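Report on the structure given below.
The values are calculated or read from the model by the stated rules, or taken from the named source; none is laboratory data. All values reported here derive from a predicted model rather than from experimental measurement. Here Cβ is always computed from backbone atoms with ideal geometry, including for glycine, and neighbour counts include all displayed protein chains. Accessible surface is based on the protein model in full, side chains and every heavy atom, while ligands, DNA and RNA are left aside. Shrake-Rupley method; radii C 1.70, N 1.55, O 1.52, S 1.80 Å.
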Amino acid sequence: MTETFFGEFDLASLTLWLFYGFFALLIIYIQRENMREGYPLEDDDGNVSANQGLFPVPDDKTFKLSHGRGDVTVPSGQNPERSDIAVRKTAAGNGFPFEPTGDPMIDGVGPASWAPRRDVPELDGKGHPKIIPMAATEHFHVSAGRDPRGLPVQAGDLEIVGSIVDMWIDEPEQLVRYLEIKLDPEWGEGTRLVPMTLCRIKSDRVKIHSIFGKHFNTVPKTASQRQVTLLEEDKISAYYAGGKLYASQDRLEPQL
């Protein structure tokens with residue numbers, strides 16, 4: 001024999017084309033896996049969109065949740081859409097903004113929007129609630145910085161609405177997620193949580209710029225004094241964030 005089997009065959013070229021094919025299939029697979037939530041696409045009226053994109057929606061896949069929380073099947077098992085969204089269209093075509101029809105902070109629309117997450121607390125690896133008040137554990141204490149407990153709370157309109165009575169910590173991450181405010185009687189009753197990232201701790205007060213004194217009584221509450229659920233977290237964070245735009249009429253105007 002004067003020729004080998006691969007004598008006239010470009011093995012390097014075959015390897016390169018196999019890589020191209022594999023990479024193309026990988027992109028398609030990753031894109032389809034990315035379509036397990038929020039698909040099939042809908043238009044502004046909630047109808048199935050005519051343009052679903054280049055790739056088809058993937059087949060159902062069932063995920064078994066840890067700690068006995070059941071199963072989740074996607075993409076068909078999507079969370080139900082909120083049916084109480086108090087907004088209206090500003091134009092007939094798709095893509096135009098919506099405007100609130102009521103109090104957007106209470107209704108949870110626009111920047112104050114929240115998603116219908118599960119009304120259960122987030123758990124750590126051992127099945128315990130991740131976020132707990134510091135008063136419920138003896139394993140944590142403030143080792144550095146200003147302890148905000150006992151400080152008055154100043155709203156965005158400079159009103160003193162109450163005082164900090166506790167800190168809610170993410171136990172596995174070992175950081176503070178929320179501060180707990182006890183409201184003064186003139187501003188409401190009971191306690192409310194505020195995300196730590198929206199607080200400014202000063203030497204003599206805790207400042208919360210996003211909302212005003214009159215808004216604290218309608219901050220979403222927690223059902224338990226010892227844990228906060230995923231749904232409650234979304235509603236609380238959305239309320240304060242919405243105040244960045246909706247707390248005052250002046251904030252709705254363009255800022256230079």
Regarding region 211-221, can at least one residue be identified that is in a strand (DSSP E or B) and closer than 21 Å to Leu151 by Cβ? no
Tally up the residues in region 119-160 that are open to solvent by less than 50 Å² (accessible area, probe 1.4 Å) and part of a strand (DSSP E or B), please. 9
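Does Ser237 qualify as being closer than 22 Å to Asp119 by Cβ, out of contact with any Gly (no Cβ under 9 Å at 6 or more places or on another chain) and part of a helix (DSSP H, G or I)? Show your work before the answer.
On the way: closer than 22 Å to Asp119 by Cβ: yes; out of contact with any Gly (no Cβ under 9 Å at 6 or more places or on another chain): yes; part of a helix (DSSP H, G or I): yes.
Against the criterion (closer than 22 Å to Asp119 by Cβ, out of contact with any Gly (no Cβ under 9 Å at 6 or more places or on another chain) and part of a helix (DSSP H, G or I)), Ser237 qualifies.
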I'd like the full set of residues that are part of a loop (DSSP other than H, G, I, E, B) and under 19 Å from the mean Cα position of the chain (by Cα), limited to region 85-118. Ile85, Gly108, Val109, Ser113, Trp114, Ala115, Pro116, Arg117, Arg118
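Looking at region 40-58, is at least one residue on the phi < 0 side of the Ramachandran plot, β-branched (Val, Ile, Thr) and surrounded by 10 or more Cβ atoms within 10 Å (Cβ to Cβ)?
Residues of region 40-58 on the phi < 0 side of the Ramachandran plot: 40-45, 47-52, 54-58.
Pick out the ones that are also β-branched (Val, Ile, Thr) and you get 48, 57.
Filter again for surrounded by 10 or more Cβ atoms within 10 Å (Cβ to Cβ), leaving 57.
Within region 40-58, one or more residues are on the phi < 0 side of the Ramachandran plot, β-branched (Val, Ile, Thr) and surrounded by 10 or more Cβ atoms within 10 Å (Cβ to Cβ).
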If the requirement is being buried (at least 21 other Cβ atoms within 10 Å of the Cβ), of a type in the set (S, T, N, Q) and in contact (Cβ under 8 Å) with a residue 24 or more places away in the chain, which of these qualifies: Ser210, Ser237? Ser210
